[in-house]
Amino acid sequence: MTTTHNTLFIHGGPGLSSAVEREWFGNTLPILWWDQPSVAGIPEPFRALVAHAGHQLETLANTSGSKINLIAHSFGGQIATALAREHPRLIRRITLLGSPPVPLHAFLHFARRLLEAGHERPGLKEALAAVEANCDGDRFIAFIQACYPDGSLPSIYFGPHSAEARDRYFEMAGKMPPIDIATFFAVMNEFLHTPNFTQPAGFDGEVSIVMGRDDPLLDLDAGKQEWLKVFPQAEVTLADAGHFVHLELPPEAWRGKF
């Protein structure tokens, strides 16, 4: 079976590939599962990511002869928002899945959730207090290392009813390229020194925001209000999932009317 791509998937991290999604879904959906390139060492690495994504968006639009849908997961929501500002005429619809409006706040929220749940993370309490007081690059690196001491995601990234998806993900992810950690820190360091953009994006197409009810990275109420500043027309829904909405739920629950 072959498909015509009418949708661009933008993953999170920053620094993630869509290798898991390509294997998970195969060619059953008309989605191009885009891999983020390495942008470590490039001035303004986030802008570089947006430029690469914009080029892919333009290519899809030219190939299909129509507007393209965006589906963005987690940090990918920041890239999708930038594309909405820069290429609104190329985009039909935007869907954000588990996307925090302020990336740093997502990690702070996650750290608090870990501590509240009693997860063993030596030095996490102190690292959290340090970045809350003054989040510079060195403190942020130490903080992330305390959150993810072995470099892997904890099981609480998935909702309590997503055991099957969780187990399948961890089995597959161990065989796939890991996050580009140099890109992750380069992009996040840029975000630490850049004001968060919460003014309207100026995009007048449909926007759907799906948040997992058990997503450990999201403050659901605050996140909804922040996103509505960016996309006032957005339809915001809660789903029975954790952070990986698109893996925990069937496509009809999150893909939208594409």
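The values are calculated or read from the model by the stated rules, or taken from the named source; none is laboratory data. Nothing here was measured: the structure is a model prediction, and the numbers come from that model. All Cβ positions, even for glycine, are placed from backbone atoms using ideal geometry, and neighbour counts span all protein chains on display.
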| field | In region 110-139, residue farthest from residue 214 (Cα to Cα) [restricted to those that are touching a Cys at 6+ places or on another chain (Cβ under 9 Å) and touching a residue at least 40 places away in the same chain (Cβ under 8 Å)] | value | 114
| field | region 86-109 residues that are more than 17 Å from residue 153 (Cβ to Cβ), paired with ones that are assigned to a loop (DSSP other than H, G, I, E, B) and among the hydroxyl-bearing types (Ser, Thr, Tyr) (beta carbon under 8 Å, 6 or more apart) | value | 92/66; 101/198
| message | I'd like to know if region 202-209 contains one or more residues that are out of contact with any Gly (no Cβ under 9 Å at 6 or more places or on another chain), loosely packed, with under 15 Cβ neighbours inside 10 Å, part of a loop (DSSP other than H, G, I, E, B) and in contact (Cβ under 8 Å) with a residue 12 or more places away in the chain. | response | yes
| field | Out of 170, 191, sole residue that is surrounded by fewer than 21 Cβ atoms within 10 Å (Cβ to Cβ), within 17 Å of residue 76 (Cβ to Cβ) and of a type outside the set (Gly, Ala, Ser) | value | 191
| task | Those residues that are over 17 Å from residue 175 (Cβ atoms) and among the hydrophobic types (A, V, I, L, M, F, W, C), I need them from region 1-45; list them, please. | result | 1, 8, 9, 10, 29, 31, 32, 34, 39, 40, 42
| note | The residue from 214, 240 that alone is touching a residue at least 12 places away in the same chain (Cβ under 8 Å) and within 22 Å of residue 9 (Cα to Cα) is 240
| Which residue pairs have Cβ atoms closer than 7 Å, lie 6 or more positions apart in sequence or on different chains, and pair a first residue in region 22-51 that is touching a residue at least 12 places away in the same chain (Cβ under 8 Å) and farther than 14 Å from residue 184 by Cα with a second residue that is among the aliphatic types (A, V, I, L, M) and assigned to a loop (DSSP other than H, G, I, E, B)? | 27/1
| task | Mind listing whichever residues of region 92-125 are under 21 Å from residue 186 (Cβ atoms) and touching a strand residue (DSSP E or B) at 6+ places or on another chain (Cβ under 8 Å)? | result | 99
| For residue 172, are the conditions met, namely being at negative phi and in a helix (DSSP H, G or I)? | yes
| Failed item, numbered, when residue 187 is tested on (1) at pLDDT below 95; (2) within 21 Å of residue 144 (Cβ to Cβ) | (1)
| field | Boolean, residue 177 is under 17 Å from residue 17 (Cβ atoms), surrounded by fewer than 18 Cβ atoms within 10 Å (Cβ to Cβ) and touching a helix residue (DSSP H, G or I) at 6+ places or on another chain (Cβ under 8 Å) | value | yes
| query | Does residue 165 qualify as being touching a Cys at 6+ places or on another chain (Cβ under 7 Å), in contact (Cβ under 8 Å) with a residue 24 or more places away in the chain and farther than 28 Å from residue 42 by Cα? | reply | no
| Scope region 210-224; condition buried (at least 21 other Cβ atoms within 10 Å of the Cβ) and part of a helix (DSSP H, G or I); matching residues | 223
| If you go through region 2-41, how many residues are β-branched (Val, Ile, Thr) and crowded, with 17+ Cβ neighbours inside 10 Å? | 5
| task | Give the residue that is modelled with the lowest pLDDT, with candidates limited to residues of region 143-167 that are surrounded by fewer than 16 Cβ atoms within 10 Å (Cβ to Cβ) and assigned to a helix (DSSP H, G or I). | result | 155
| said: Pairs needed: first member in region 57-78, farther than 13 Å from residue 254 by Cβ; second member anywhere, among the acidic types (Asp, Glu) and part of a loop (DSSP other than H, G, I, E, B); C-beta distance under 9 Å; at least 6 residues apart or different chains. | reply: none
| said: I'd like the full set of residues that are aliphatic (A, V, I, L, M), more than 17 Å from residue 235 (Cα to Cα) and surrounded by fewer than 24 Cβ atoms within 10 Å (Cβ to Cβ), limited to region 68-90. | reply: 82, 90
